[in-house]
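Right, one structure below, let's go through it.
Rule-based calculations on the coordinates, nothing more; no lab input. Model, not experiment: these values are computed from the prediction. Cβ coordinates were reconstructed from backbone atoms using ideal geometry, including for glycine residues, and neighbour counts include every protein chain displayed.
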Amino acid sequence: GSVSIKCTQCGFKESTKTVSQIKTVKLKITSFLYDGSKKEVVAYIKDKKGRELIEGTDYDIEYLTDRKETGKHSVNILFKGNYSGIKTLTYKILPDASKKLTAEKTSATLKAQWQKVEGASAYRVIIYNSQGKKIKTGYWK
């Protein structure tokens, strides 16, 4: 596309600038570990000529969710200046890893306990044998 500066009174065309189309729109980081703080995303946006667009000049980021709790979150990239349109992108906040993991093995059973993680709705437990081969995966609520 192009952008022209033209006088509305006399019609004189001062200049025309070519604007390359947008090629890449993504978030630099798409998953975070929960730590209780609000997350700030950074967008990576380039045009077809390889020029990186500038936040605040070429686009703004609008947060659509709380940015703090675990789960899937969305942002709108609001293009402005020489660009127009909206692109919605998503990122995740994942529960932090469990702490204080303990395991007791008897001849027939394995008992595992861990500290509850805020924001986790279920836990995935993977059991390996002594050679490091995965032998079982289970999910517990």
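Of all lysines in the structure, the ones whose alpha carbon falls short of 21 Å from that of K92, not counting any fewer than 8 places away in one chain, are K26, K28, K38, K39, K68, K72, K116, K141. Potential lengthening of the chain between W140 and K111 amounts to 9.1 nm, from the contour at 0.36 nm per residue minus the alpha-carbon distance.
In this rough spin-label picture, where each label sits 7 Å from Cα along the Cβ direction, the Y128-T102 distance is 2.3 nm. Rg of the Cα atoms in segment 2-141, relative to 2.2 N^0.38 Å, amounts to 1.73. Computed on the Cα trace of segment 13-90, the radius of gyration divided by the Kirkwood hydrodynamic radius gives Rg/Rh = 1.07.
At a Förster radius of 30 Å, what calculated FRET efficiency corresponds to the Cβ-Cβ distance of E118 and Y63, to the nearest 0.05? Present the calculation step by step, with values, prior to reporting the outcome.
Numbers: r = 21 Å, r/R0 = 0.70.
Efficiency, from the Cβ-Cβ distance: 0.90.
Based on C-alpha pairs under 8 angstrom that are at least 6 apart in sequence, segment 1-121 has a relative contact order of 19 percent.
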